[in-house]
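Contents: one structure, followed by commentary.
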Amino acid sequence: MNSQTQTMTYNRLELLKLMYLSREGDRREGVLHRQSKGWFQVAGMGHETLAVFSFLMEDGDYLFPYYRDRAMVLAKGVSNAELASAYFAKLGSSSGGRQMPGHYSDRNRNIWSVPTPTGANALPGCGVAWAMQLDEQPNVVVATVGDAASRQGEFYEAIAFAIERQLPIVFIVEDNNYGISTNTEKFNPFKLEVFNESHLVHVDARHPDRVFDVAAPALDKARSGGGPTVIIAELDRLCSHTSSDDHRVYRPLDEIEAMADRDPIIVLSNELIESGELSSDEWEDIKSEINTRVDEEYIAAESEQDPTPDDLMKQLFAPLSTPEPPPIEGGRNWRMVDAINQVFKYGLNNDDSYFFFGEDIEAPKGGVFGLTADLSHEHPDRVFNSPLAEATIAGVGIGMACYGKRPVFEIQFIDFVGPAMNQITQNLATLRWRTNGDWNCPMVMYAPYGAYLPGGSLWHSQANESIFAHCPGLRVVIPSTPEDATALMWTSMHTDDPTLFLIPKHLFRQQMAVSNDIPAVGFGEARVRREGDDVTIVSWGNCMEQAFAAADALADEVSAEIIDLRSIQPWDKETILNSVEKTGRLVVVQEDGRSCSVGQMIISEIMGDPESFCYFVSAPQLVAKPDVHIGYNPVYEYAALPDTNQVIDAIRITMED
């Protein structure tokens with residue numbers, strides 16, 4: 001074998017010990033699960049040779065593993081005792097008991113938190129690699145996926161972005177030929193010759209020496225600026241997919257037996273014994289010592305402290321600092337688009353951690369609506385056009401934020417967010433909570449939003465804030481004035497959590513007066529825009545116009561108090577309650593569809609409170625778009641959207657005795 005003539009840079013005996021430690025941990029968890037101690041197990045049996053990569057990684061390198069990489073994370077410094085704690089979902093584990101076993105995470109060791117949706121780690125891995133590259137750091141990222149996940153669209157986007165930017169990243173496709181029970185032979189894109197072979201390296205990874213032969217040059221290439229490598233590592237999954245599966249149901253017995261004969265631990269231990277580097281007795285002593293250690297550590301882990309119900313809501317968000325006033329000139333008229341642009345400029349000029357990325361945001365375009373006009377002229381090293389790939393925008397931003405940057409990334413229209421939803425819902429919104437505060441993600445994702453501009457049709461007119469408000473861990477804001485837009489953007493740019501910032505297109509270019517002293521605005525702070533005594537009107541975004549127009553039309557007969565919600569998640573229940581206590585009547589006006597909406601939430605929450613229920617003298621009303629799409633012809637658009645007359649009618653209903 002090649003190892004006989006090659007000077008090795010890893011200790012094969014130490015690797016064998018680690019591989020066996022990983023295997024014994026897997027075996028122990030399987031026994032415990034069968035004893036009904038624990039709820040789930042996923043094993044990495046047969047994938048242990050990839051620990052060679054961790055042996056070759058340096059301080060500052062990042063690992064983006066998936067759930068079969070137990071040996072890799074052990075080699076990166078995570079202890080078996082820590083994995084035992086994670087198996088029992090203990091409070092002191094890496095996730096505080098929130099993640100399933102096999103979902104490794106360690107901020108101090110640069111091991112990114114494993115998401116269950118397979119392949120969802122690849123784009124954030126690219127984000128970290130890009131940040132390393134921009135900082136001119138000689139570090140690399142290793143990101144792993146199973147072969148079935150190589151058909152995920154995000155995996156393709158990650159490879160494309162890594163090649164485009166020549167990122168210092170190594171992708172490992174752990175090809176064990178199965179996606180749960182499905183043989184992947186006919187689905188595997190590498191066997192279908194979808195990829196250019198110049199970017200690929202194939203290896204029979206059942207032996208660590210062969211892994212080393214491809215790992216060392218790939219890591220060196222990435223570290224020296226040579227760009228990414230995709231390594232197709234052929235392995236055996238020596239076990240069932242998880243504890244919820246039995247591979248004997250769908251795998252032929254002779255296939256299972258053949259895999260057992262080439263078990264990498266058996267092969268490597270036999271080689272070391274045959275070469276005289278290890279005796280049979282020594283190997284038995286090593287195994288016995290590891291078995292005892294693993295047994296003791298799992299017994300100890302079982303008695304560790306469990307989380308309590310009081311821990312549930314902890315680390316959903318980071319503590320907030322006191323918001324500061326936005327850095328724009330007061331006492332003059334501003335258009336929202338220009339005011340936000342000024343905040344962006346100030347941020348870029350005064351903090352090197354801000355980065356901007358989105359479709360067409362560089363000069364001369366400066367974004368479809370000019371929100372980033374001239375930014376790339378002044379900061380070409382931190383303002384970049386993205387490919388037409390929303391998952392890339394979201395996933396890369398997540399990685400950059402985890403590395404320590406403050407990405408402010410644009411989705412061209414919120415209507416186009418669909419491809420990014422996996423990253424938003426599974427990574428962006430969950431990362432802090434699922435790691436019990438170990439990782440944070442200070443990212444702002446902003447997008448033009450809403451209708452009331454004829455010609456947008458289905459794909460440029462959506463008001464869909466309720467979708468995002470349903471994602472715990474994600475803040476959602478919708479300003480309606482330039483001063484609120486700048487204040488909320490400035491607050492968003494200084495929080496350690498992700499914010500989705502929706503900017504109503506109909507109000508983008510309206511000149512509005514801004515106060516002399518522009519106040520800071522925190523999350524969850526509504527604004528009383530007009531005081532009144534008879535009815536409370538709550539709205540946000542574009543529909544603030546309809547709220548004011550209806551109140552003006554009824555000014556001779558109704559005194560309306562108008563509240564601009566501004567922050568959708570969290571929302572300011574107290575301000576609305578105080579108003580309803582005074583008026584006894586409530587009308588909520590929203591651009592979003594009626595069903596399962598923010599407006600319905602507000603009414604339900606306030607009516608469901610026994611104390612506030614007593615405030616009402618009439619039933620609250622919701623004015624909303626019916627559950628239908630926006631059509632291209634303006635007749636369709638204005639037939640769907642809330643108008644002033646509908647708000648007037650709703651107010652009059654609440655005023656009836």
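Remarks
- Helix 12-34 axis versus longest C-alpha principal axis of the chain: approximately 60°, rounded to the nearest ten.
- Entries in Lys345/Lys505; Lys37/Lys314; Lys405/Lys573 that, when Cα-Cα distance is taken, lie over 31 Å: Lys405/Lys573
- Taking the charge dipole of region 385-438 about its Cα centre, with +1 at Lys and Arg Cβ atoms and -1 at Asp and Glu Cβ atoms, the residue from Asn436, Phe413, Gln426 reaching farthest to the positive side is Asn436.
- For a modelled paramagnetic label at Glu289, 7 Å from Cα along Cα-to-Cβ, no residue of region 19-51 is in reach, as no backbone nitrogen comes under 12 Å.
- Inter-part distance, region 81-151 to region 157-220, computed on C-alpha centroids, equals 18 Å.
- Beta bridges per DSSP, both residues in region 527-655: antiparallel share near 20 percent.
- Taking the Cα centre of the chain as reference, the dipole from Cβ charges on Lys and Arg (+1) and Asp and Glu (-1) amounts to some 460 debye.
- Mean residue ellipticity (222 nm) of the chain, computed from DSSP H runs ≥ 4 via -39,500 (n - 2.57), nearest 500: -10500 deg cm²/dmol
- Within region 155-183, backbone nitrogen closer than 11 Å to the virtual label 7 Å beyond the Cα of Leu134 toward Cβ: none
- For region 494-619, relative contact order (Cα pairs under 8 Å, six or more residues apart, normalised by length) works out to 27 percent.
- For Trp459 and Gln305, the difference between the fully extended length at 0.36 nm per residue and the C-alpha to C-alpha distance is 50.4 nm.
- The simple spin-label model puts a point 7 Å past each Cα toward its Cβ; for Asn385 and Leu192 those points are separated by 3.0 nm.
- Centre separation in Å (Cα based) which lies between region 413-482 and region 251-291: 51 Å
- Set the Cα radius of gyration of region 332-514 against 2.2 N^0.38 Å, with N its number of residues, and you get 0.96.
- Largest-first principal axis extents of the Cα set of the chain (Å): 99, 55, 44
- Each label point was placed 7 Å from the Cα along the Cα-to-Cβ direction; for Asn633 and Ser595 their separation is 2.5 nm.
- With the convex hull drawn over the C-alpha atoms of region 527-655, the volume per residue is 97 Å³.
- Largest-first principal axis extents, alpha carbons of region 433-520, Å: 44, 39, 15
- Length available on full extension from Gln426 to Trp39: 0.36 nm per residue minus the Cα-Cα distance, which gives 137.1 nm.
- Beta bridges per DSSP with both ends in the chain, % antiparallel, nearest 5: 20 percent
- From the largest down, region 475-534 spans 38, 28, 23 angstrom on the principal axes of its Cα atoms.
- Summary value for the chain: 11 percent relative contact order, contacts being C-alpha pairs under 8 angstrom separated by 6+ residues.
Since every read-out is calculated from the coordinates, none of them should be taken as a lab result. All values derive from a computational prediction rather than experimental measurement. Ideal geometry is used to build each Cβ from the backbone, glycine not excepted, and the neighbour counts take in all protein chains shown.
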